[in-house]
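K.L.:
Pasting a structure here, questions to come.
The values are calculated or read from the model by the stated rules, or taken from the named source; none is laboratory data. These numbers come from a predicted model, not from an experiment. Cβ sites come from the backbone with ideal geometry, for glycine too, and all protein chains shown count toward neighbours. Protein only, heavy atoms only, side chains kept; ligands, DNA and RNA dropped before computing areas. Shrake-Rupley method; radii C 1.70, N 1.55, O 1.52, S 1.80 Å.
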Amino acid sequence: MGSRRGSGRVPRSADTNAFPDASGDRPPVVLLHGFIDNRSVFVLLRRSLARHGWRHLESLNYSPLTCDIRTAAELLGRHVEEICVRTGHREIDIVGHSLGGLIARYYVQRLGGDRRVRTLVTLGTPHSGTAAVPPAGAHPIVRQMRGGSDLIEELRRPAPGCRTRFVSFWSELDRMMLPVETACVDHPDLDAVNVRVTGIGHLALPVHPAVASAIRRALESDGTAAGAPGAASVA
C-alpha cells in the first residue's frame, strides 16, 4: 500500500456529554455502498470485521431514487445520530465504496459530520470527480460525480478544523476512476492517507480479502492508517 500523508491530524475538541461512554468498545462501523450496488456488497467485509472483534456493524441502503448527494448526506447524518444514541458511542467510523464514500465525505466536510465520524475509509471514490461519468444523460446523482460539478467544487472549499481522519483506497485498475488518482483525497485541510491498491478493479474493492485486512488496520490505527508513508501495496 502506497500512502501519501496529508496535513497533520487536527486535535479533537470535547464532544457533547449526551452519550455515555461505551467502555472499551470499538466505535460502530457504518458501511455505505456505491450507486449500482446495495448493502449486500459488504457481506464479506462485515464477516471479516465481526471475526476480529467489531460488535456494531451497520450496512445502510440509500434509495436509487435519491437525486442529490447532499440529500443522501443529510439522511446519512440522521442514521448516524440514531446509531450513536442506540449504541452509546459518541463517534463512529464509516467505510464507503464509490458514491457511498462521496456521500459520507459530504456529510463529514459540509454538514458537520466530523464531530461524529472518527475515521472515513473510502474505496474507489471520485474525490476530485471522474471523467468516466458522461456529462449528460446519466442519473442526476451520478452526474454530480463528474469532475467540475458543483458538488465536487464545493468539496474543494476550505474545511478548517475538520476532525475526521480520511483513508482512501485507490487502484490503478479502477476503470471507473478517470484519472485513477481522482480516488485520492487531495485537500490541504483534511487529515488524509491515500492507499494504493494493486491488481484489484473497482467492483472488487469492497470484497477483496487483502483490502478487508487493510481496512481493519486502518480502523485500528491511531493515525498511521494502513501503513506508514512510503511505497507498499495491497494485493
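K.L.:
Does Ile215 count as in a helix (DSSP H, G or I), under 28 Å from Glu82 (Cα atoms) and touching an Asp or Glu at 6+ places or on another chain (Cβ under 7 Å)? Quick ask: steps written out before the conclusion?
P.N.:
Working: in a helix (DSSP H, G or I): yes; under 28 Å from Glu82 (Cα atoms): yes; touching an Asp or Glu at 6+ places or on another chain (Cβ under 7 Å): no.
In short, no.
K.L.:
Could you list, in sequence order, all residues of region 62-105 that are of a type in the set (Ser, Thr, Tyr) and crowded, with 24+ Cβ neighbours inside 10 Å? Full working, then the answer.
P.N.:
Step one: of region 62-105, the residues of a type in the set (Ser, Thr, Tyr) are 62-63, 66, 71, 87, 98.
Scanning region 62-105 gives a single hit, Ser98.
K.L.:
What's the number of the only condition in (1) touching a Leu at 6+ places or on another chain (Cβ under 9 Å); (2) of a type in the set (D, E, K, R); (3) closer than 30 Å to Cys84 by Cβ that Arg115 fails to meet?
P.N.:
Condition (1) is where Arg115 drops out.
K.L.:
Select from region 144-169 the residues that are outside any strand (DSSP E or B) and of a type in the set (Ser, Thr, Tyr) and list them in ascending order. Break it down into steps so the answer makes sense when it comes.
P.N.:
To start, the set of residues in region 144-169 that are outside any strand (DSSP E or B) comprises 144-164.
Those that are outside any strand (DSSP E or B) and of a type in the set (Ser, Thr, Tyr): Ser149, Thr164.
K.L.:
Which numbered condition trips up Gly2, out of (1) open to solvent by less than 20 Å² (accessible area, probe 1.4 Å); (2) at pLDDT 85 or above?
P.N.:
(2) is the only condition that Gly2 fails.
K.L.:
For region 209-232, how many residues meet the condition of being open to solvent by 60 Å² or more (accessible area, probe 1.4 Å) and modelled with pLDDT of 50 or more? Before the answer, list the steps.
P.N.:
Kept after step one, since they are open to solvent by 60 Å² or more (accessible area, probe 1.4 Å), are these residues of region 209-232: 209, 217, 220, 222, 224, 228-229, 231.
Filter again for modelled with pLDDT of 50 or more, leaving 209, 217, 220, 222.
Residues that pass the stated criteria total 4.
K.L.:
Right, another one. State which residue is farthest from Trp170 (Cα to Cα) when the search covers only region 141-150 and only residues that are surrounded by fewer than 19 Cβ atoms within 10 Å (Cβ to Cβ) and in contact with a Ser or Thr (Cβ under 9 Å, 6 or more places away or on another chain).
P.N.:
The extreme case among them is Arg143.
K.L.:
Turning to a different aspect of this structure: Inspect all residues belonging to region 106-123 and state whether any of them is among the acidic types (Asp, Glu) and open to solvent by less than 50 Å² (accessible area, probe 1.4 Å). Please lay out each step first, then the result.
P.N.:
As a first pass, look at region 106-123 and keep what is among the acidic types (Asp, Glu): 114.
So of that shortlist, the ones also open to solvent by less than 50 Å² (accessible area, probe 1.4 Å) come out as 114.
Yes, region 106-123 has at least one match.
K.L.:
Look at region 13-48 and say how many of its residues are more than 16 Å from the chain's Cα centre (by Cα), within 19 Å of Val80 (Cα to Cα) and either modelled with pLDDT of 90 or more or surrounded by 13 or more Cβ atoms within 10 Å (Cβ to Cβ) (or both).
P.N.:
Of the residues in that region, 5 qualify.
K.L.:
Could you list, in sequence order, all residues of region 187-212 that are part of a loop (DSSP other than H, G, I, E, B) and under 14 Å from the mean Cα position of the chain (by Cα)?
P.N.:
So the first thing to find is which residues in region 187-212 are part of a loop (DSSP other than H, G, I, E, B), and the list is 187-190, 198-208.
Result: Leu190, Leu205, Pro206.
K.L.:
Also, I was wondering about something else. Looking at region 97-143, which of the residues that are among the hydroxyl-bearing types (Ser, Thr, Tyr) and not in a helix (DSSP H, G or I) is nearest to the chain's Cα centre (by Cα)?
P.N.:
Within region 97-143, the subset among the hydroxyl-bearing types (Ser, Thr, Tyr) is 98, 106-107, 119, 122, 125, 128, 130.
Now drop any that are not not in a helix (DSSP H, G or I), which leaves 98, 119, 122, 125, 128, 130.
Working: Ser98: 9, Thr119: 8, Thr122: 3, Thr125: 8, Ser128: 14, Thr130: 17 Å.
Taking the candidates together, the pick is Thr122.
K.L.:
Identify, please: which residue in region 67-88 is assigned to a loop (DSSP other than H, G, I, E, B) and more than 19 Å from the chain's Cα centre (by Cα) and is, among those, farthest from Asp150 (Cα to Cα)? Reasoning before the result, please.
P.N.:
Filtering region 67-88 for residues assigned to a loop (DSSP other than H, G, I, E, B) gives 67-68, 88.
Filter again for more than 19 Å from the chain's Cα centre (by Cα), leaving 67, 88.
Values: Cys67: 14, Gly88: 36 Å.
By that ranking, first place goes to Gly88.
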